[in-house]
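Structure first, commentary second.
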Amino acid sequence: MSVTPPEGVWWNQKVPKEEKLWVTIALVWAIVMFVMMPLWHIYGKQNPSTETYKVAPEEFVRLTQEFIEKYKVGEENGVPVVEPPPGGDVYLLGKQFSWEPVIKLKKGETYRLHISSADVLHGFSVYPMNINFMVIPGYDYVLTVTPTQAGVYSVVCNEYCGPGHQVMVGKIIVVE
């Protein structure tokens, strides 16, 4: 028993009506998604700011240390706690396996949050808010933030960064 090839060439055969319908639906859906991606980027308000600068990781570590020295108000489990003035620049450094410093912000005030990594790629997620961002070494990402609710927010690394990844948790405290 052998397999018999179809007669003629496949491109000369009539395409069934059902197949034409599914190809049309798939094509229309692809076009809709192609159009929606740039529209969502522009009008969806789900994207971080596009303010990004190249910076040497050592330079960002230095800027973060200067920021900590200037605005340090205490320590929490060996991690410095800083309280910057409203409207100012806030530096947050991701490094294996911690976020530094703990940041204390005032509700309703606007800050410029500078985020970078000292070593490897990290994920920046703030819980329970829906903020998710990739932090790549060598880049200073600047996000303009205005906290609207007081509380304690966890900063979690959601990109695997090594064997201590599961303990990489930071904190943002928002006060009235």
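The values are calculated or read from the model by the stated rules, or taken from the named source; none is laboratory data. Keep in mind it's a predicted model, so treat the numbers as computed, not measured. Glycine also receives a Cβ, built like all others from the backbone with ideal geometry; neighbour counts cover every protein chain displayed.
A few points about this structure:
One line per residue, one yes/no per condition, for (1) closer than 16 Å to Lys95 by Cα; (2) within 14 Å of the chain's Cα centre (by Cα):
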| residue | (1), (2) |
| --- | --- |
| Ile115 | yes, yes |
| Ala118 | yes, no |
| His122 | yes, yes |
| Ile131 | no, yes |
| Ile136 | yes, yes |
| Asp140 | yes, yes |
| Thr146 | no, no |
| Gly151 | no, no |
| Cys161 | yes, no |
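- The lone criterion from (1) surrounded by 13 or more Cβ atoms within 10 Å (Cβ to Cβ); (2) closer than 21 Å to Cys161 by Cβ left unmet by Glu58 is number (1).
- Screening Tyr139 against (1) out of contact with any Asp or Glu (no Cβ under 8 Å at 6 or more places or on another chain); (2) of a type in the set (Phe, Trp, Tyr); (3) more than 23 Å from Thr52 (Cα to Cα) leaves a single unmet condition, (3).
Residue-by-condition table, conditions (1) free of Cβ contacts under 8 Å to residues at least 24 places away in the same chain; (2) closer than 23 Å to Asn77 by Cβ; (3) hydroxyl-bearing (Ser, Thr, Tyr); (4) in contact with a Lys or Arg (Cβ under 7 Å, 6 or more places away or on another chain):
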{"residue": "Tyr139", "(1), (2), (3), (4)": "no, no, yes, yes"}
{"residue": "Thr146", "(1), (2), (3), (4)": "no, no, yes, no"}
{"residue": "Gly151", "(1), (2), (3), (4)": "yes, yes, no, no"}
{"residue": "Ser154", "(1), (2), (3), (4)": "no, yes, yes, yes"}
{"residue": "Cys157", "(1), (2), (3), (4)": "no, yes, no, no"}
{"residue": "Cys161", "(1), (2), (3), (4)": "no, yes, no, no"}
{"residue": "Gly164", "(1), (2), (3), (4)": "no, yes, no, no"}
{"residue": "Lys171", "(1), (2), (3), (4)": "no, yes, no, no"}
{"residue": "Val174", "(1), (2), (3), (4)": "no, yes, no, yes"}
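- Candidate set from region 86-106 (those that are without any contact (Cβ under 8 Å) to a residue 60 or more places away in the chain and more than 20 Å from the chain's Cα centre (by Cα)); member that is surrounded by the fewest Cβ atoms within 10 Å (Cβ to Cβ): Gly87
Here's the yes/no breakdown for (1) of a type in the set (A, V, I, L, M); (2) farther than 30 Å from Tyr141 by Cβ; (3) modelled with pLDDT under 90; (4) outside the structural domain of Ser154 (by TED's automatic domain parsing):
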{"residue": "Leu21", "(1), (2), (3), (4)": "yes, yes, no, yes"}
{"residue": "Thr24", "(1), (2), (3), (4)": "no, yes, no, yes"}
{"residue": "Ala30", "(1), (2), (3), (4)": "yes, yes, no, yes"}
{"residue": "Ala56", "(1), (2), (3), (4)": "yes, no, no, no"}
{"residue": "Glu59", "(1), (2), (3), (4)": "no, no, no, no"}
{"residue": "Glu66", "(1), (2), (3), (4)": "no, no, no, no"}
{"residue": "Glu76", "(1), (2), (3), (4)": "no, no, yes, no"}
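- Filter pass, Val155 being over 18 Å from the mean Cα position of the chain (by Cα) and β-branched (Val, Ile, Thr): no
- Qualifying residue in region 35-50 (condition: modelled with pLDDT of 90 or more, outside the structural domain of Val135 (by TED's automatic domain parsing) and loosely packed, with under 13 Cβ neighbours inside 10 Å): yes
Yes/no matrix, rows are residues, columns are (1) within 28 Å of Thr144 (Cα to Cα); (2) touching a residue at least 12 places away in the same chain (Cβ under 8 Å):
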site	(1), (2)
Trp11	no, no
Ala26	no, no
Leu39	yes, no
Glu51	yes, yes
Phe60	yes, yes
Leu63	yes, yes
Val81	yes, yes
